[in-house]
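Report on the structure given below.
Laboratory data are not the source of any read-out in this text; all were calculated from the coordinates shown. All values derive from a computational prediction rather than experimental measurement. Please note: Cβ atoms are built from the backbone with ideal geometry, for glycine as well, and neighbour counts cover all protein chains shown.
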């Protein structure tokens, strides 16, 4: 009796399932839906616990539906296992479906179905076999694969086409899971190539592709099949209309594409194989109808193959031309893939791709985000010395309107291109400024020190640069990179800014208050990051030696920040305060203008310590020996301390201003490096002390400049100069002083004086005269000129400036 | 989501891929196969079918689905059908009220993937007769069966429409026959 009612429902199998679906869909709120689902799941669970009934498959189907909506369904896993083991096809079908949806190789329950799969693989009914194959290929674990591989191999050889094609793809899955098993399938794969059934052929091609990609021996072995593959492909291309496989006039495009892909792998780096397929590829390229997507899919694969194997040049040109045609296609998809392909060959066939540069650049303006992205990649790759100006115009235009996810890439690409191909320094600086103004928030961190380095090294444009940056700063202080560079420049070249005259920008009268206002705005703005405020504070400090009237204002700014809650700013402010108070005599030296920076490969400044000559930027000004890299900075600490204290021993407790400024960069990050840059200077903006000539012979002169450091200490700078027209080499100085005076000679800057006064040699001598005796110094000068050695001694009795 | 700076995977078809699982973005790429997943969803973001051809955790699956919904539903009407996402290419096409979305290996042919999606729609249409979203909702298991006769392990299994249609018919007949047989009243 009971059976009858079940029979009824079995006749229209999906009713319970469809009823449930209807019930769920009619729920008006999420809450209601959850209620329905909970009820249904409870019913399903109850049904699972019951003994065999005719509605099991429907129950499981209901559970799978619930699972698809996103609700948990793990309690159905065991039911799947049971259903798979059932003898009813309907139950097996849903059971296997459930296994594929609910079980994956990580679940323990998946092991339980291995036996069922094994049995079903040799079932008399091919549809049962097919279920097993499909499930194995979907979620078979490595263990299961190892276990069942021999069975799959058997099926590959001796079964009907329906099973063979499924076994082939199952074998593909096995090889992906357990690479070594590739060996097992190779012979069967080879023989499958002679099948006529397209499904089997397709599976065979996929399997062979997989084998070749995994092992080079397989690759060698399967190269021999190239002629067969070419034959099959030819058959597809030139055969008549085959209704079963036709898609818009192309005969089995799926198989064609897979064949082309396999040919590509086999022809790569192999002349013989490539030759064998040349004609075929030319045929496909010319004969395939490109009016529909499907034809273009085949052409696309053909082009990829031609460009990847060792094809003859005519064929290559044909391929690139196809891509060129694709670029002009109305269909966005085609343009997109054309650019993707061109990207792959822009390195090897650069000129060919350059021919299409115009179209590619136009694609930058396309509405579609994917197309834009491809166009950007390709445009950046096409930038060269000859097209840099026009390309940069387009790229900058793009940058101002590009979608946010592409800005970073665009900005960085522009920087790299500008660096590599900048036709002039001013163009370079302008470009970088433009990028910073447009997309300053999206650039990499190294940009700021790189830009600072660039600016410093372009001394002729200091005035121009600082004016432009100042103006940019006035209009927008939100882009951190821009603000940082602007602050740095204003600090460094504030004097140039205030002077007001600059040929390349419109004249603008800037007064000291304006500049300080701008810096203070940055300091106080909530938009400024800590690093930026650090820049602004340091810049303000530097201006104290470059302006004349508002030093008090600077002093007050600095002292306010001495109690800033941010540790970094507070430390800086305290040190600057100390510079004002205790070490005011050092302030000018510490805040001098920066010398030219030597470039390191990493772009960071803390680099190679030894032997970096400090180039002179404005030779008329006297400079002290201050250099940048960190270890030398440590020396510098000693030097400064030497000047301060009367002994030459290592500093024990260095004063706060001197060492903490200089040892601060012992922190590792970029901003620490910037501190170092900010504080050590190389040029003296104050009027040079008078130099006295103590020696002169044949155009070679020696001058001394004295500076009093403290009561008993002084620095004497000896400068050698050669205005004759013969080079002087091995220029050395020796000095002697009365017994009670302490003398310390620093290393000279060099020992050669080229003719015509192109360079000088300076040497600093530190003297300490605690007993305040009458100071005299004997200096011996020796050098070689015109092959002969000259040695002279002079005595200096009076020291100017003392 | 699109991960910005490092998204630009340079496509160089290497001869021998490095063996073993790649863990570029966690779990999506545990296997190299042509199609990683197929998703069908409505304009309102309701999932109608999900087929995964790689092994990934449930949580990761949910993330991928969310991302796909966000990416695809946000596309303006006449955009291209390809999106670069993590290290996969996403190919999608809208048919009436349903989006068909496939995650493709980076080196695979996107245009062919469009054809694959189209072929699947054709198969559904043939089976259900003028298929619409409701058909797929109420007969979701059939949609899976059809898919499993067309694709397997992330690769195309059968390239002939007729062959697939024939198999489905046979299998359905088998199911009914077996059911009828099993449920005939025993007297």
Checklist entry - Computed FRET efficiency, Cβ-Cβ of residue B:87 and residue B:66, R0 25 Å: what is it to the nearest 0.05? => result 0.90
Checklist outcome for this item: Placing each pseudo-label 7 Å from Cα in the direction of the beta carbon, residue A:780 and residue A:292 end up separated by a distance in nanometres of 10.0 nm
Checklist entry - What Kirkwood radius, in Å to one decimal, follows from the Cα pairs of the stretch A:315-452? => result 15.4 Å
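Please state, as a whole number in µm²/s, the translational diffusion coefficient that the Stokes-Einstein equation yields for the stretch A:717-802 at 20 °C and 1.002 mPa s, with Rh defined as the Kirkwood radius across alpha carbon pairs.
Working: Rh = 14.0 Å.
Stokes-Einstein gives a translational diffusion coefficient of 153 µm²/s.
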Checklist outcome for this item: Applying the gyration tensor rule to the Cα atoms of the stretch A:337-415 (axes a ≥ b ≥ c; rounded if a/c under 1.5, else prolate if a/b exceeds b/c, else oblate), the class is oblate
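State whether the stretch A:185-325 is rounded, prolate or oblate according to the following rule on the C-alpha gyration tensor (a ≥ b ≥ c being the square roots of its eigenvalues): a/c under 1.5 gives rounded; otherwise a/b larger than b/c gives prolate, and the remaining case gives oblate. Let's see the in-between values first.
Details: a/c = 2.02, a/b = 1.15, b/c = 1.76.
Oblate shape, in that a/c is at least 1.5 and b/c is the bigger or equal ratio.
When a/c reaches 1.5 or more, the comparison of a/b and b/c decides; with that in mind, is the stretch A:75-147 rounded, prolate or oblate per its Cα gyration tensor? Working shown, then result.
Working: a/c = 1.79, a/b = 1.15, b/c = 1.55.
Verdict is oblate for the stretch A:75-147.
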Checklist outcome for this item: Relative to chain A, whose Cα atoms define the longest principal axis, helix A:226-238 and its Cα axis are tilted in degrees, nearest 10, by 70 degrees
Item to check | Cα centroid of the stretch A:28-69 to Cα centroid of the stretch A:453-518, whole Å | outcome: 72 Å
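Taking the Cβ-Cβ separation of residue B:43 and residue A:23 as r and a Förster radius of 22 Å, what is the calculated FRET efficiency to the nearest 0.05? Present the calculation step by step, with values, prior to reporting the outcome.
Details: r = 23 Å, r/R0 = 1.04.
Working from the Cβ atoms, E equals 0.45.
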Checklist entry - Mind checking the angle between helix A:332-345 and chain A's longest principal axis? C-alpha axes, 0 to 90 degrees, to the nearest 10. => result 60 degrees
Next on the checklist: If I take every Cα pair under 8 Å that is 6 or more residues apart in the stretch A:67-154, average their sequence separation and divide by the length, what percent do I get for the relative contact order?
Outcome noted: 24 percent
Next on the checklist: On a full-extension model of 0.36 nm per residue, what is the gain between residue A:78 and residue A:328, subtracting their alpha-carbon distance, rounded to one decimal in nm?
Outcome noted: 84.3 nm
Checklist entry - How high is the relative contact order of the stretch A:358-448, given as a whole-number percent (alpha carbon pairs under 8 Å, six or more residues apart)? => result 27 percent
Checklist entry - By how many degrees, 0 to 90 and rounded to 10, does the Cα axis of helix A:530-543 deviate from the longest principal axis of chain A? => result 20 degrees
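So what is the relative contact order for chain A, in percent, with contacts set as C-alpha pairs under 8 Å and at least six apart? Walk me through the intermediate numbers first.
Numbers: 1128 pairs, mean separation 34.2, N = 802.
Computed over chain A, the figure is 4 percent.
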Checklist outcome for this item: The distance between the Cα centres of the stretch A:399-438 and the stretch A:299-321, in whole Å, is 34 Å
Checklist entry - Using 20 Å as the cut-off for backbone N distance, which residues of the stretch A:725-743 belong to the label zone defined by a point 7 Å from the Cα of residue A:751 along Cα→Cβ? => result A:726-736
Checklist entry - Using only helices, what value at 222 nm comes out for chain A when you add -39,500 (n - 2.57) per DSSP H run of length 4 or more and divide by the total residues, to the nearest 500 deg cm²/dmol? => result -18500 deg cm²/dmol
Checklist entry - In whole angstrom, how far apart do the alpha carbon centroids of the stretch A:193-230 and the stretch A:116-170 sit? => result 20 Å
